[in-house]
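Structure first, commentary second.
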Amino acid sequence: MTVRQRTAFVTGAASGIGRAIATSLQAESVRIVLADRQAGAIQALASQLDGDVFPLPLDITDASAVDACLERVPAEFRDIDILVNNAGHDIGGRIRFDQGSPDDWSAIIETNLIGLMRVTRAILPGMIARGHGDIVNMSSISALRIVPEQAPYSASKAGVHMLSDIIRGELAETPLRVIEIMPGLTRTNIVTTRHRGDEEAARQYFERFGMALDPEDVARCVMFALSQPPHVQIAQMFVLPTNRW
Ligand code: NDP
């Protein structure tokens with residue numbers, strides 16, 4: 001694969017899809033910054049991964065911490081070739097818009113959209129200066145399909161969708177690529193936040209839908225997109241469980 005010898009910065013690396021992507025990149029000898037607000041979990045993952053990885057505790061809603069994020073990593077991790085904007089937040093479960101809480105909306109938009117923009121703003125100038133780089137934005141099928149009772153999350157992901165298109169356009173004259181991944185239901189904590197610590201409730205939640213992706217399924221798609229030759233840009237990829245449409 002062409003991803004070897006590169007350096008990646010993965011947000012939300014402690015869990016679920018981000019963890020699976022980090023593990024897949026590490027298997028290809030990519031040097032990785034593991035960024036997540038779950039400091040203990042990324043430290044544990046760094047100890048477990050047998051490779052060149054650096055755990056970076058980072059809350060992507062913290063503007064000054066994001067602006068300084070590259071200063072907090074060792075010099076050999078600073079020239080980022082692959083940015084995986086994966087960290088995401090939801091409140092778990094479904095709730096009608098008129099019953100939702102503005103504080104929850106802020107947390108969702110601040111993480112999924114503004115946080116992603118901040119991290120990109122911190123890392124993209126280096127990619128432009130070096131003349132290469134891949135940005136992977138994890139949006140969601142709910143960016144484009146209507147999912148009732150998930151308005152703030154869907155709006156945040158629709159924002160990521162449009163942002164990805166616009167940045168891709170702005171970078172069209174450069175070798176940089178912007179890859180948007182739109183997964184459907186995937187077995188991770190974000191879906192079952194309200195069931196955390198309750199394995200049986202989480203199992204029943206996924207059973208209702210009959211089928212779900214595993215984080216490794218999404219990671220495989222990311223690796224496929226990253227391993228394309230430089231003139232091929234996988235701009236958008238839908239990844240759904242087979243029983244969805
Ligand atoms: P997980 O909850 O398993 O992983 C998300 C990780 O991001 C967690 O470690 C989480 O920490 C971290 N995180 C959340 N907010 C922040 C923040 N402000 N700063 C730094 N880290 C943060 O969920 P997934 O693996 O499913 O989520 C990965 C991405 O995939 C998200 O963008 C999600 O929206 C997207 N996605 C997921 C789908 C699914 O069905 N699972 C479907 C489509 C898209 P903490 O545990 O503290 O929240």
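Points to keep in mind about this one:
- Hey, Ala225 over 19 Å from Ser154 (Cα atoms), surrounded by 19 or more Cβ atoms within 10 Å (Cβ to Cβ), at pLDDT 90 or above and out of contact with any strand residue (DSSP E or B) (no Cβ under 6 Å at 6 or more places or on another chain) or not: no
- Helices (runs of 4 or more DSSP H) (entirely within the range 133-245) containing at least 2 residues that are under 14 Å from the mean Cα position of the chain (by Cα): 151-170, 215-226
- The residues listed here are Phe97, Phe77; of these, the one that is in contact with a strand residue (DSSP E or B) (Cβ under 6 Å, 6 or more places away or on another chain) and among the aromatic types (Phe, Trp, Tyr) is Phe77.
- Filtering the range 108-132 to residues that are touching a residue at least 24 places away in the same chain (Cβ under 8 Å), farther than 19 Å from Met162 by Cβ and either of a type outside the set (Val, Ile, Thr) or surrounded by 16 or more Cβ atoms within 10 Å (Cβ to Cβ) (or both) leaves Ala122, Ile123, Gly126, Met127, Arg130, Gly131, His132.
- Members of the range 1-28 that are outside any loop (DSSP other than H, G, I, E, B), small (Gly, Ala, Ser) and within 13 Å of the ligand (Cβ to nearest atom): Gly16, Gly18, Ala20, Ala22
- Flag for Ile167 being in contact with a helix residue (DSSP H, G or I) (Cβ under 8 Å, 6 or more places away or on another chain) and of a type in the set (A, V, I, L, M): yes
- Residue among Ile95, Ile114, Ile91, Ile60 that is β-branched (Val, Ile, Thr), more than 11 Å from the ligand (Cβ to nearest atom) and out of contact with any Pro (no Cβ under 6 Å at 6 or more places or on another chain): Ile95
- Against the test of being farther than 26 Å from Trp105 by Cα and acidic (Asp, Glu), the options Asp198, Asp217 yield a single qualifying residue, Asp217.
- Of the strands (runs of 3 or more DSSP E) lying entirely inside the range 29-97, the ones with 2 or more residues being β-branched (Val, Ile, Thr) are found at 31-36, 82-85.
- Residue count for the range 77-88 under the criterion of being within 21 Å of Ser227 (Cβ to Cβ), more than 15 Å from the ligand (Cβ to nearest atom) and either touching a Phe, Trp or Tyr at 6+ places or on another chain (Cβ under 6 Å) or not hydrophobic (A, V, I, L, M, F, W, C) (or both): the result is 3.
One line per residue, one yes/no per condition, for (1) more than 15 Å from the ligand (Cβ to nearest atom); (2) modelled with pLDDT under 95; (3) touching a helix residue (DSSP H, G or I) at 6+ places or on another chain (Cβ under 9 Å):
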{"site": "Val53", "(1), (2), (3)": "yes, no, yes"}
{"site": "Ala65", "(1), (2), (3)": "no, no, yes"}
{"site": "Ala75", "(1), (2), (3)": "yes, no, no"}
{"site": "Gln99", "(1), (2), (3)": "yes, yes, no"}
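The values are calculated or read from the model by the stated rules, or taken from the named source; none is laboratory data. Keep in mind the model is a prediction, meaning the values are calculated, not measured. Note that each Cβ is placed from the backbone with ideal geometry, even for glycine, and that neighbours are counted across all protein chains shown.
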